[in-house]
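The values are calculated or read from the model by the stated rules, or taken from the named source; none is laboratory data. From a predicted model like this one, the values you see are computed outputs, not experimental measurements. Ideal geometry is used to build each Cβ from the backbone, glycine not excepted, and the neighbour counts take in all protein chains shown.
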């Protein structure tokens with residue numbers, strides 16, 4: 001959780017963090033891709049997530065790389081700590097609470 005908070009803090013300071021729900025921003029998936037109110041989310045963007053306790057080892061904050069769309073209403077992610085393993089997987093859109101676009 002502490003590392004996710006550090007990423008959020010840094011991204012906010014740099015103007016790189018976009019929270020879902022702030023100022024009317026909405027996360028939307030369509031056949032073409034995923035966007036957060038006008039900003040296309042591209043592979044390599046970081047997604048911040050709020051996960052249920054049983055899936056996050058007691059922590060409610062999580063982060064992963066966006067890889068693309070998954071099953072309906074899901075995103076494909078690459079994560080460094082999914083049940084204590086590095087994993088490729090899918091997460092429901094409902095757990096995504098923000099986007100970090102790294103510069104470059």
Hits in region 21-42 (condition: under 11 Å from the mean Cα position of the chain (by Cα) and at pLDDT 80 or above): 41
Pull up region 56-72, narrow it to residues that are out of contact with any strand residue (DSSP E or B) (no Cβ under 7 Å at 6 or more places or on another chain) and within 20 Å of residue 6 (Cβ to Cβ), then point me to the one that is modelled with the highest pLDDT. 57
Looking at residue 75, is it closer than 18 Å to residue 8 by Cα, touching a strand residue (DSSP E or B) at 6+ places or on another chain (Cβ under 6 Å) and at pLDDT below 90? no
Pick from region 84-100, criterion closer than 14 Å to residue 11 by Cβ and either touching a helix residue (DSSP H, G or I) at 6+ places or on another chain (Cβ under 8 Å) or at pLDDT below 85 (or both), ranking: surrounded by the fewest Cβ atoms within 10 Å (Cβ to Cβ): 97
